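The values are calculated or read from the model by the stated rules, or taken from the named source; none is laboratory data. From a predicted model like this one, the values you see are computed outputs, not experimental measurements. Because the Cβ atoms are built from the backbone with ideal geometry, glycine has one as well, and the counts that use them run over all protein chains shown.
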Amino acid sequence: MSFLQLFRHLSPRPGLALDGHKQVSTTRAVTTLAASRCNILYLPLQQHAGSKARLRIKAGERVLRGQCLTWIEPGVSVPVHAPTSGYVSAIEAHPVAHPSGLSDTCIVLEPDGLDEADPQGLVPLPDYTRLDETTLRCRICEAGIVGLGGAVFPAAIKLNVKPDIPIRQLIINGAECEPWITCDDMLMRTRADEILAGARIMLQVLANHAPDGKLTALIGIEDNKPEAIAAMQAALARLAHSAPHTFRVVPIPTRYPAGGEKQLIQQLTGQEVPSGGRPADIGMICHNVATARAIYRAVVLGEPLMSRYVTVTGDGVREPANFEVPVGMPVEELVRHAGGMLEPDCTLTMGGSMMGMALHSPQVPVVKATNCIQVQRPVPERQPTPPMPCIRCGRCAEACPMSLLPQQLYWHARARELEQAETCHLFDCIECGCCTHVCPSHIPLVSYYRFAKADIRSKRAARTLADQARTRHAFREERLERAKRERAEKLARHKAAVRQQSPDTDTASTATEAGTASTPDARQAAINAALERAKAKKAALAKAEPESGENA
Amino acid sequence: MSRTHTTLTRPDVALIMRQVLYALLPGTALLFYLYGFGLLSNLILACLSAWGLEALMLHLRRRPLRPFLQDYSVIVTGWLLAVSLPAYAPWWLILIAMSFAVVIGKHLYGGLGQNPFNPAMLGYAAVLVSFPLEMTRWPDPAQSGLMTADFSTLLASVFGIGTAHWDSFSGATPLDQARMALHGGKSLMDTGISLFSWPQTLSWNLLNLAWLGGGLWLLWQRIISWHIPAALLGSLTLVAGLFWLLDPNHYATPWFHLLQGATMLGAFFIATDPVSASTTPVGKILYAGGIGCFVYIIRTWGGYPDAMASAVLIMNMAVPLLDYYTQPRVYGHRRRWLP
């Protein structure tokens, strides 16, 4: 062993070498599950990052395949489409995949088996090269496309770059670093041409942002997926003679979290996305392979995002494989298509083993964000061990791909020292779970960071509200003050005007008025005089009233 | 918690501590050869009292006993103290040292993971300043070894039963002799210290090599990182080498410093205690570099025969500051030299 190798062994690299468990689900062919054959579909209104979509249909209506069920609204929002024709039996709260285990509003669709397409659906645009970027972006938004890598941020917004920002590189993320998940792998093996076509549409959208018209596309794939790399390269060769842009497939070392946007960009280009910034700040746009394929289908085939590749895997499922699953299919039914559970009390997880989320109900529907359903046996080794105190061993810092000090962050998060946590760059944490994975004290570190982040965010929101209220209040005070001042000024002006008009008459009253301002005695006298006047008035009134009463 | 994990065998605190204990075995075996029952009594008394005190403190603090008594961390503390104290140490000395280590050094600060000072070294320092005579009486291996010292000497010295024959075979360590020679203005040649004079110097050398071996294994197992041992040994070599080059007659050679006293034990097992050490890479280097310098300073001009405990405790105090000012550059941030 050379000295260099020895040094490499002794100085750990960030990230983790994990057991991928990819073979489990890549041996079987991908099956397409028809939405029309489902018994029931649950379509959550919130399947994207941003604001919840507003309903456009009522319960009891019949909807058609590809019909847009919610309004297309400005802001961070995309619509939801019906994966097949059928009746909306209800619009109600249903369990969804969320860490809290809470329910959310879902459209309950009972397919009628006819799978009738909506005649007013999206029009195919095969000749997209003639279209401008706005039209293409509108189409991508209309088709309900979100980032299918997991972040579910509306793809059209990510492609909407400010005019003055130059974009040099499009990065297509096919890394898929999380253990167990193989949906992108299988997508690249079977739909490489569609992915490339989608990427070309994205290049078209971004074409105007490229300085001197040079825009390259890098497709990063972890080197544990040789079949996917080969398939993508073959598709590239088929495209080569017609592609006006440079595409390159780049195998990257398999090391979790290589598929994180920031890590992938660093691996492919050597550049770092500035903290708090976006890849566009360094001239890059990054999209997942599945998003590219969805964009192709939306633009060229006029097909909104109604289905996606989902891996069903784990040691608790009979026939682990990948499926093209309609959005809205309950996880239970999907698992049944994969041969069902081997044991009744297997645990269900949505996503990989590092960032996945435990499912509280098998009735949870597959959504646009669902890349994997893990069915795992409840082995005792997988049960969470009670955490021990942190011994500051520093393994978390060695594993952190962002070079954070997770142990320090934990300390502050636990003590609710939120400001210090922020100075330790809490918001740079990508929640990849490397620190939690290596912690010998089994501390659920990422949960602490999530909690602290949520706490800071809610405090910030409260502070913004309070600031707004304070500004409003100060403004009101100022307005009242100004009104009072203006009234006083007006009065003074009026008085001055009156005085000028008749300077000789009623000098006495002028004298009294002048006195009110100077001596308290004079003021008292004026008050007494006013009281006298009021009394006289009252007496006159009292005298007048009985008379009028008698007259009536 | 919302996550499941793939790898089924993850290292836990107990495994780390157990591996530290394994790494301590070669040095301990050599000590056993050199000091026989004297080391055994040290080990048994230290570990038993450590465990008992831990249980007592956990009970008083109303903490669960089982997970903390099974994590081996207090056994490591006890073991380190047992091999640091002179062999055949009296039972009360061990008990006092352990009380300081476990009660004050560990639990009064909040238990595992909370102590700013290395507990073992705190216990060591406490008895060193309180009982300097007992703490400097290292028996002569030639007379106290497994073959020569019998069980009655053990009873006499450790438990005070019968008559002790201590003064007959306790002597100053080579480090002590070197320091006294320097203070007395004599040259090192006069003291007759050489690297290979048996039994005193050579036994210490061998002992340090044994700790070094165990430490390298820990390094290989990635239980410790290279930063602390490398920086500690590096700075000690540098400082010692500088003075030795200036005046080889008065100042001992760097290898003398590396292979005498608690250098290797300190570099691989004591300064690397994660709880009380710095956690950032740069911080670790500064922390251990500081220990190396203080070890040389105290050994050469201080009043104690060895300096590892004091040097570690001094640098423990600097750890919060070091950790704060040596935070690594976070992804997507510019490097800043002062936060």
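Worth a mention:
- Residue match in region A:69-82 (condition: surrounded by fewer than 17 Cβ atoms within 10 Å (Cβ to Cβ), in contact with a strand residue (DSSP E or B) (Cβ under 7 Å, 6 or more places away or on another chain) and not assigned by TED's automatic domain parsing to the domain that holds residue A:187): yes
- In region A:236-267, residue nearest to the chain's Cα centre (by Cα) [restricted to those that are under 25 Å from residue A:213 (Cβ atoms) and free of Cβ contacts under 8 Å to residues at least 24 places away in the same chain]: A:244
- In region A:408-417 there is no residue matching the filter, namely being surrounded by 17 or more Cβ atoms within 10 Å (Cβ to Cβ), in contact with a Lys or Arg (Cβ under 7 Å, 6 or more places away or on another chain), within 22 Å of residue B:321 (Cβ to Cβ) and within 12 Å of chain B (Cβ to nearest Cβ).
- Residue match in region A:147-164 (condition: surrounded by 19 or more Cβ atoms within 10 Å (Cβ to Cβ) and over 30 Å from residue A:401 (Cβ atoms)): no
- Residue in region B:52-74 that is under 19 Å from the mean Cα position of the chain (by Cα), of a type in the set (Val, Ile, Thr), away from chain A (no Cβ under 14 Å) and in a helix (DSSP H, G or I) present: no
- Qualifying residues in region A:422-442 (those that are more than 10 Å from chain B (Cβ to nearest Cβ) and over 20 Å from the mean Cα position of the chain (by Cα)) - the one nearest to residue A:406 (Cα to Cα): A:435
- Criterion violated by residue A:233 - all others in (1) within 25 Å of residue A:432 (Cα to Cα); (2) free of Cβ contacts under 8 Å to residues at least 24 places away in the same chain; (3) in a helix (DSSP H, G or I) satisfied: (1)
- Set side by side, the residues A:237, A:228 differ, and just one is over 14 Å from residue A:175 (Cα atoms), away from every other protein chain (no Cβ under 14 Å) and not polar (S, T, N, Q), which is A:237.
- Only one entry in A:339, A:277, A:270, A:302 is touching a residue at least 24 places away in the same chain (Cβ under 8 Å) and of a type outside the set (Lys, Arg), namely A:302.
- Within region A:27-51, tally of residues that are farther than 30 Å from residue A:113 by Cβ and under 30 Å from the mean Cα position of the chain (by Cα): 3
- Hey, residue B:33 farther than 16 Å from residue B:273 by Cβ, of a type in the set (Phe, Trp, Tyr) and outside any helix (DSSP H, G or I) or not: no
- For region B:88-114, the set of residues classified as away from chain A (no Cβ under 14 Å), surrounded by fewer than 17 Cβ atoms within 10 Å (Cβ to Cβ) and assigned to a loop (DSSP other than H, G, I, E, B) consists of B:108 only.
- Flag if residue A:447 is within 12 Å of another protein chain (Cβ to nearest Cβ), more than 25 Å from residue A:272 (Cα to Cα), in a helix (DSSP H, G or I) and among the polar types (S, T, N, Q): yes
- Residue that is nearest to the other protein chains (Cβ to nearest Cβ) [pool: residues in region A:11-28 that are surrounded by 16 or more Cβ atoms within 10 Å (Cβ to Cβ), among the small types (Gly, Ala, Ser) and in a loop (DSSP other than H, G, I, E, B)]: A:20
- Qualifying residue in region A:109-130 (condition: in contact with a Leu (Cβ under 8 Å, 6 or more places away or on another chain), buried (at least 19 other Cβ atoms within 10 Å of the Cβ) and part of a strand (DSSP E or B)): yes
- Selection within region A:382-402: residues that are aliphatic (A, V, I, L, M) and assigned to a helix (DSSP H, G or I). The member of this set that is farthest from the other protein chains (Cβ to nearest Cβ) is A:399.
- Of all residues in region A:29-51 being surrounded by fewer than 16 Cβ atoms within 10 Å (Cβ to Cβ) and of a type outside the set (Val, Ile, Thr), the one that is farthest from residue A:175 (Cα to Cα): A:39
- Among the residues of region A:217-230, those that are of a type outside the set (S, T, N, Q) and either surrounded by 17 or more Cβ atoms within 10 Å (Cβ to Cβ) or not in a helix (DSSP H, G or I) (or both) comprise A:217, A:218, A:219, A:220, A:221, A:222, A:223, A:225, A:228, A:229.
- Flag for residue A:456 being β-branched (Val, Ile, Thr), away from chain B (no Cβ under 11 Å) and under 20 Å from the mean Cα position of the chain (by Cα): yes
- Which listed residue, of A:79, A:83, A:74, is more than 14 Å from chain B (Cβ to nearest Cβ), modelled with pLDDT of 90 or more, part of a loop (DSSP other than H, G, I, E, B) and under 20 Å from the mean Cα position of the chain (by Cα): A:79
- Criterion: farther than 18 Å from residue A:356 by Cα and either out of contact with any Leu (no Cβ under 8 Å at 6 or more places or on another chain) or not basic (Lys, Arg) (or both) - qualifying residue of A:331, A:310, A:317, A:273: A:273
- Taken residue by residue, region A:278-288 has at least one member that is assigned by TED's automatic domain parsing to the domain that holds residue A:129 and under 30 Å from residue A:115 (Cα atoms).
- Condition check for residue A:405: aliphatic (A, V, I, L, M), within 30 Å of residue B:279 (Cβ to Cβ) and more than 14 Å from every other protein chain (Cβ to nearest Cβ): no
- Of all positions in region A:182-195, none carries a residue that is more than 14 Å from chain B (Cβ to nearest Cβ), part of a loop (DSSP other than H, G, I, E, B) and over 30 Å from residue A:355 (Cα atoms).
- Subset of region B:226-260 [within 13 Å of chain A (Cβ to nearest Cβ) and either buried (at least 22 other Cβ atoms within 10 Å of the Cβ) or under 18 Å from residue B:31 (Cβ atoms) (or both)]: B:227, B:228, B:229
- Evaluation of residue B:18 against (1) of a type in the set (Lys, Arg); (2) in a helix (DSSP H, G or I); (3) more than 14 Å from chain A (Cβ to nearest Cβ) (one fails), failing number: (3)
- Condition check for residue B:338: modelled with pLDDT of 95 or more and over 20 Å from the mean Cα position of the chain (by Cα): no
- Segments classed as strands (runs of 3 or more DSSP E), wholly inside region A:292-379, with at least 1 members that are under 23 Å from the mean Cα position of the chain (by Cα) and within 14 Å of chain B (Cβ to nearest Cβ): A:347-350, A:372-376
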